[in-house]
Amino acid sequence: MRYAMAIDTKKCVGCGDCVVACQTENNVPIGYCRDWVVENVAGTYPQLEVEIRSERCNHCENSPCVRCCPTGASHIVEGGVVLVEHNKCIGCGACIESCPYDARYSHPDGYVDKCTFCLHRVQKGQDPACVSVCPTNCMYFGDLDNPNSDVSKMLATRKYKVLAPEAGTNPQIYYLT
Amino acid sequence: MKTRRDFIKISAVGTGAVTLGLSTVKLAKASEPGSIFGKKAKNQVAYERFPTYCEVCFWKCAGWTYKDEDGKILKIVGNEEDPHCNGRLCPRGTGGIGMYYDEDRLKKPLIRVGEPGNQSFREASWDEALDLVAKNLNKIKKEHGPECVALFSHGTGGKMLSHLIKAFGSPNITAPSFAQCRGPREVAFAATFGEEVLSPERTDIRDTKCLVLIGSHIGENMHNGQIQEMSEAIDNGATIITVDPRFSTAASHSKFWLPIKPATDIALLMAWIHVIINEELYDKEYIDKYAYGLDQLKTHVKNMTPEWAFGITTIEPDTIRETAREMAAASPAVIVHPGRHVTWYGDDTQRSRAIAILNALLGSWGRRGGFFNPEAVHLPKYPSPAYPKPQKSWKDAFPGQYNLVHEVLTTGICDATIPNPDLGCHLKSWIVYGTNLLASLPDQKKTLEAIENLEFMVVIDTMPMDITGYADVILPECTYLERYDGIRSSPHREPNIALRMPAAEPKYDSRPNYWIAKELGKRLGLEEYFKWNTFEEKLDWQLKKVGSSLEEMKILGVKKMPREYNDLYSLNGEDYEFNTNTGKIELYSTELANEGFDPLPKYTPHPEPPQGFYRLNYGRAPMHTFSRTANNANLTALKKENSVWVNPRVAKLWDLKNGQYVWLKNQDGVVSSFPIKVRVTERIRWDSVYMVHGFGHKEKRLSRAYGKGASDSELVTHVMTDPIMGGTGMRGNFVTFILNDPKKEVAS
Ligand code: SF4
Ligand code: SF4
Ligand code: SF4
């Protein structure tokens with residue numbers, strides 16, 4: 001099993017609903033976030049392109065954050081989901097430094113936190129909160145090993161890219177372009 | 001100028017321990033939580049989730065409020081059965097809990113005390129505050145007549161206050177949603193098709209093949225159902241054509257973006273009509289059967305060629321032709337979107353008419369992928385006596401004008417409030433429910449002049465918005481998560497109803513609108529209009545009449561009902577009589593002709609920005625609604641201030657840097673109260689600037705919103721009034737930059 005997400009940049013409008021939904025679902029303190037939205041503008045008026053992307057932890061297959069964690073708090077579980085065990089985490093921040101995507105933050109309670117792919121929901125058969133709320137329906141989640149999952153189907157039919165492939169982390173968030 | 005009313009920043013609650021102590025005693029008596037919640041309060045805990053429909057904007061998406069075992073509200077999630085949201089709330093709806101938890105909320109009734117020049121608010125009990133309101137309203141009724149009281153209302157709860165004011169005897173009930181927003185399109189579509197567009201819009205975006213957006217920035221305006229359907233249309237490969245001087249988010253998702261010169265849209269629309277008629281691309285059968293006035297239209301647009309429009313709009317003739325052909329190829333599954341906030345230049349009804357005519361030529365009205373025919377569940381009114389017949393109304397201030405207007409104009413109420421020797425009646429008292437008039441109406445000076453002339457003003461709100469500082473009495477309402485409200489029954493493909501019930505007791509000393517209305521009713525001698533004992537009783541009575549019940553709705557949240565008529569798409573050759581003078585779709589409007597207006601739309605040039613000034617365009621951000629969410633912690637976390645978008649060429653000229661703060665000054669010398677951040681971006685034309693509406697709050701008690709960003713409303717001092725329907729055109733204002741703090745400069 002390999003969980004992954006595909007996000008359609010042709011549909012995302014940058015509304016930030018994924019961010020608020022994550023916040024209320026996972027009790028992320030206000031002022032911090034596990035996911036965020038990026039806007040890139042290219043060209044000059046009127047020859048323009050805008051790409052809007054919802055970003056989060058890439059649940060990298062080759063994850064520097066897990067490798068560098070001195071306590072083993074950062075670890076990989078079923079479906080390749082990268083998690084942080086809050087109790088074990090000493091808040092040293094090595095993982096924050098090592099992540100090429102700036103996906104982690106220091107929680108005010110003294111540990112490091114980040115996206116969990118909403119594993120608590122996924123285990124109940126639900127989509128992650130961000131996926132389930134997105135008004136443009138532009139996010140697809142599922143198991144890459146299952147060719148019938150939403151995410152497999154999208155990747156089979158559309159062009160896509162990943163962020164910072166040169167970092168060699170083998171990220172598992174795919175952007176449909 | 002000596003003022004009757006000081007603007008009181010509520011943070012300066014001038015009380016003193018005495019009044020506080022007193023009100024505590026009274027409150028214990030007046031609060032009687034049981035009288036609001038009945039015995040149900042306890043049972044509610046048994047539910048894990050509570051049905052509601054969102055009140056953060058007018059889309060009113062239905063959802064569920066979730067609570068944990070400790071009774072703490074955790075999150076709000078969309079109801080999957082709801083056609084407004086299909087289980088997905090927008091960021092504002094998801095962040096709606098921020099409204100409930102906002103520690104800056106209005107907490108207790110407040111009463112203005114002291115002499116002009118030295119006034120403050122003191123806390124009061126509900127009894128005292130309501131008695132005072134009733135006393136003043138009764139006095140005005142006796143001295144001037146009940147018609148001299150006006151209600152400004154926005155949102156669901158306004159209905160109960162509206163019922164109260166009608167029972168009281170006044171017809172002057174108004175909302176900014178008409179003259180500051182969608183009025184022109186409703187009047188124009190009614191003139192053309194005999195019917196309004198309504199809300200939610202009857203646009204069949206889901207099944208369209210071509211969607212044309214004229215300045216409508218779906219995706220930045222977060223009208224949930226529309227955005228979801230636009231996404232579906234993108235999936236289905238629909239063509240999107242966006243006309244906007246700004247590279248909006250919608251433009252970035254479009255096949256065609258037409259970067260039009262601002263204020264020239266009518267020229268483009270007429271050129272499209274020209275191409276469609278000239279190349280005989282219109283739906284001939286449909287037009288033959290249903291429309292009136294094709295010949296007049298043909299003659300009218302004869303010279304309105306794409307070449308003519310190019311000189312005005314800066315859009316290439318080839319692009320105009322190509323996009324017109326795209327639309328025709330998709331016909332009838334094409335939507336030239338009527339927009340929503342369309343009060344721009346004062347000829348907005350005519351622009352909306354051009355849009356309506358274009359849709360008619362493409363045969364999209366009443367067709368799949370165009371405009372569907374919505375149906376709503378008809379909820380009977382709870383029994384109550386007939387309303388008294390008013391003797392006078394705001395319209396007396398406008399003899400012979402606005403005959404096509406069937407709603408009350410907010411700005412008309414302002415005019416009818418400012419004393420005028422030629423006027424029989426002028427208004428003496430306002431009740432303002434849930435709308436921050438200083439942000440929702442243009443021309444603040446006029447609004448303030450009207451307020452200055454009032455004998456008495458009550459504001460009912462959940463938050464200390466700027467308008468509350470001018471009230472004589474402030475009544476704190478609880479948020480939508482803490483109250484029942486009327487059943488939502490809205491026109492849609494499938495008729496449906498939705499329930500809002502409280503998920504928690506009202507925080508602080510706040511109360512729901514229906515309780516306030518009933519309590520005021522009692523004090524105004526209007527008990528018989530509020531015969532229900534509890535609001536549940538009223539809702540249950542109504543629900544049972546349409547085959548449901550309160551019990552059932554508590555479980556379902558949303559209930560869909562079968563359509564009574566099988567006419568979702570009714571104009572595929574069926575006979576049909578339109579509600580117009582000719583019984584046809586009026587390409588040529590006999591109604592407008594009769595009233596002395598142009599029966600066919602014409603392009604008229606609008607003023608251009610003077611040297612060194614830029615047209616002020618404003619719009620929405622998806623995470624905020626008007627000015628009302630600016631203090632919501634969950635949403636300010638996404639966006640805490642607005643910025644002014646400036647083209648890099650302009651930035652170079654002024655030496656502006658990204659992130660720098662500037663003040664804006666308009667053509668009338670009005671300077672923004674607060675500085676605004678510059679965003680240098682290619683996404684905006686060089687002749688205009690853009691900012692998101694709803695920021696720059698002056699009320700200090702809004703701890704997160706105070707002084708954040710600038711207010712566009714403040715800078716909209718020039719209003720171009722639509723002679724047909726009184727809409728306030730707000731896009732004829734021009735601003736320039738002030739680089740150093742203007743207040744400091746005055747001081748030195
Ligand atoms: S909720 Fe969806 S549309 Fe909105 S920003 Fe997130 S991914 Fe984009
Ligand atoms: S995105 Fe960052 S935090 Fe997430 S797995 Fe990759 S390296 Fe670790
Ligand atoms: S569109 Fe958003 S704010 Fe408006 S009612 Fe729906 S969820 Fe609430």
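The values are calculated or read from the model by the stated rules, or taken from the named source; none is laboratory data. Quick caveat: nothing in here was measured; it's all calculated off a predicted structure. Every residue, glycine as well, gets a Cβ built from its backbone with ideal geometry; the counts of neighbours run over all protein chains shown. Areas reflect the complete protein model, heavy atoms only, side chains present, ligands, DNA and RNA absent. Shrake-Rupley method; radii C 1.70, N 1.55, O 1.52, S 1.80 Å.
Would you mind checking the tilt of helix B:265-278 against the longest principal axis of the Cα atoms of chain B, expressed as 0 to 90 degrees and rounded to 10?
40 degrees
Residue by residue through B:346-359, how many Cβ atoms from other chains fall within 10 Å of the Cβ on average?
0
Taking the Cβ-Cβ separation of A:Gln123 and B:Asp235 as r and a Förster radius of 35 Å, what is the calculated FRET efficiency to the nearest 0.05?
0.75
Using the alpha carbons of the range B:320-395, what is the convex hull volume per residue in cubic angstrom, as a whole number?
In the range B:320-395, the Cα convex hull volume per residue is 163 Å³.
Once the whole set of protein chains is in place, how much accessible area is left on B:Ser384, using a 1.4 Å probe, in Å² to the nearest 10?
40 Å²
When averaged across all projection directions, what area in nm² does the alpha-carbon convex hull of chain A cover?
So the mean shadow area of the Cα hull is 10.8 nm².
Are there trypsin sites (Lys or Arg not before Pro) in the range B:281-346 that DSSP marks as loop and that have at most 13 other Cβ atoms within 10 Å, and which are they?
Those that pass, being in a loop and sparsely packed, are B:Lys302.
Mind grabbing the base-10 log of I(q)/I(0) for the range B:193-289 at q = 0.13, 0.15, 0.22 Å⁻¹? Debye formula, identical points on the C-alpha positions, no solvent, two decimal places.
Cα-only, vacuum Debye calculation for the range B:193-289: -0.54, -0.72, -1.27.
Once you have all Cα-Cα distances for the range B:347-432, histogram them in 10 Å bins from zero and send the whole-percent values.
12, 25, 25, 26, 12, 0
Would you mind telling me the share, in percent, of accessible area of chain B contributed by carbon and sulfur at probe 1.4 angstrom?
Summing carbon and sulfur atoms, their accessible area is 51 percent of the total for chain B.
Could you work out the Kirkwood radius for the range B:483-541, taking every pair of different alpha carbons, averaging 1/r and inverting it, reported in Å?
Taking every pair of different Cα atoms in the range B:483-541, averaging 1/r and inverting gives 13.2 Å.
Quick one: 3J(HN,Hα) in Hz for the range A:111-117, Karplus 6.51/-1.76/1.60 with θ = phi - 60°, rounded, Gly and Pro as x.
10, 9, 10, 5, 4, 10, 6
Per residue of the range B:406-415, in order, report the coupling 6.51 cos²θ - 1.76 cosθ + 1.60 (Karplus, θ = phi - 60°) as ³J(HN,Hα) in whole Hz, putting x for Gly and Pro.
10, 10, 8, 7, 4, 5, x, 5, 4, 4
Among B:Thr299, B:Thr242, B:Gly311, whose Cα sits farthest toward the positive end of the charge dipole of chain B (+1 at Cβ of Lys/Arg, -1 at Cβ of Asp/Glu, about the Cα centre)?
Value computed over the given set: B:Thr242.
Taking θ as phi - 60°, what are the ³J(HN,Hα) couplings along the range B:432-446 by the Karplus curve (6.51, -1.76, 1.60), each to the nearest whole Hz, with x for Gly and Pro?
Per residue, the Karplus-derived 3J(HN,Hα) values read 10, 10, x, 9, 8, 4, 6, 9, 8, 9, x, 6, 4, 4, 5 Hz.
So, R0 is 22 Å and r is the distance between the beta-carbons of B:Ala376 and B:Asn579; what FRET efficiency does that work out to, to 0.05?
About 0.80, to the nearest 0.05.
Roughly what would the spin-label model give for B:Lys560 and B:Glu537, points 7 Å off Cα along C-beta, in nm?
Taking the two extended label points, one gets 3.6 nm.
If you take the charge dipole of the range B:326-398 about its Cα centre, with +1 on Lys and Arg Cβ and -1 on Asp and Glu Cβ, which of B:Pro383, B:Leu361, B:Ala333 is farthest toward its positive end?
B:Pro383
Mind checking the range B:493-534 for GluC sites (Glu not before Pro) that DSSP puts in a loop (not H, G, I, E or B) and that have at most 14 other Cβ atoms within 10 Å?
Within the range B:493-534, no GluC sites (Glu not before Pro) qualify (loop, at most 14 other Cβ atoms within 10 Å).
Can you give the direction-averaged projected area of the convex hull of the alpha-carbon atoms in the range B:614-747, in nm²?
Here the figure is 9.1 nm², rounded to one decimal.
Need the C-alpha centroid separation for the range B:628-688 versus the range A:49-110, integer Å.
The range B:628-688 and the range A:49-110 have Cα centres separated by 35 Å.
Could you give the size of the charge dipole of the range B:614-747 about its Cα centre, using +1 on the Cβ of each K and R and -1 on the Cβ of each D and E, expressed in debye and rounded to the nearest 20?
The dipole of the range B:614-747 has a size of about 480 debye.
Let me know the volume per residue of the alpha-carbon convex hull for the protein assembly as shown, in Å³.
In the protein assembly as shown, the Cα hull volume divided by residue count equals 184 Å³.
Taking amide H positions as placed 1.01 Å from N in the peptide plane, with prolines and chain starts having none, which residues 5 or more places from B:Leu74, or on another chain, fall under 5 Å of its amide H?
B:Tyr66, B:Lys67, B:Asp68
Using only alpha carbon pairs under 8 Å that are at least six residues apart, calculate the relative contact order of the range B:194-374 and give it in whole percent.
Computed over the range B:194-374, the figure is 30 percent.
Using only alpha carbons, build the gyration tensor for the range B:108-188 and give me the equivalent ellipsoid semi-axes, biggest first, whole Å.
Equivalent ellipsoid of the range B:108-188: 29, 17, 14 Å, largest first.
What is the spread of the Cα atoms of chain B along each of their three principal axes, largest first, in whole Å?
Here the spans come out as 78, 72, 57 Å, largest first.
Count the DSSP beta bridges whose two residues both fall in the protein assembly as shown, then state the antiparallel fraction as a percent rounded to the nearest 5.
55 percent
Which whole-number value in Å² is the accessible area per residue of the range B:146-207, probe 1.4 Å?
In whole numbers, the range B:146-207 has 18 Å² accessible per residue.
In peptide B:618-624, how many Cβ atoms from other protein chains are near each Cβ within 10 Å, on average?
That average works out to 2.
Calculate, for the range A:3-176, the solvent-accessible area per residue in square angstrom, rolling a 1.4 angstrom probe over the heavy atoms of the protein chains.
42 Å²
Taking every DSSP beta bridge that has both residues in the range B:194-374, what percent is antiparallel when rounded to the nearest 5?
For the range B:194-374, the DSSP antiparallel bridge percentage is about 5.
Loop only by DSSP, 15 or fewer other Cβ within 10 Å of the Cβ. Give me the trypsin sites (Lys or Arg not before Pro) in the range B:579-637 that pass, ordered by residue number.
B:Lys602
Taking only C-alpha pairs under 8 Å that are 6+ residues apart, what is the relative contact order of chain A in percent?
Reported relative contact order: 31 percent.
Where nothing but the Cβ of Lys and Arg (+1) and of Asp and Glu (-1) is charged, how large is the charge dipole of the protein assembly as shown around its Cα centre, in debye to the nearest 20?
1760 debye
Accessible area of the range A:58-177 with a 1.4 Å probe: how many percent of it is carbon plus sulfur?
Whole-percent figure for carbon plus sulfur exposure: 49.
Take every DSSP beta bridge whose two residues both sit in the range B:614-747, then give the antiparallel share in percent to the nearest 5.
55 percent
May I ask for the distance between the Cα centers of the range B:333-399 and the range B:124-138, given as a whole number of Å?
37 Å
Just list whichever of B:Lys166/B:Lys700; B:Lys72/B:Lys108; B:Lys255/B:Lys584; A:Lys124/A:Lys153; B:Lys72/B:Lys545; A:Lys11/B:Lys302 have alpha carbons separated by over 32 Å in the model shown.
B:Lys166/B:Lys700; B:Lys255/B:Lys584; B:Lys72/B:Lys545; A:Lys11/B:Lys302
Taking trypsin sites (Lys or Arg not before Pro) that fall in a DSSP loop and have at most 11 other Cβ atoms within 10 Å as cut points, what is the longest piece of chain A between them?
A:1-123
If one puts a single equal scatterer on every Cα of the range B:194-374 and applies the Debye formula without solvent, what log₁₀ I(q)/I(0) results at q = 0.09, 0.10, 0.19 Å⁻¹?
-0.27, -0.34, -1.39
I'd like the FRET efficiency for A:Asn148 and B:Ser393, computed as 1/(1 + (r/R0)^6) with the beta carbon distance as r and R0 of 51 Å, rounded to 0.05.
Efficiency for this residue pair is about 0.20.
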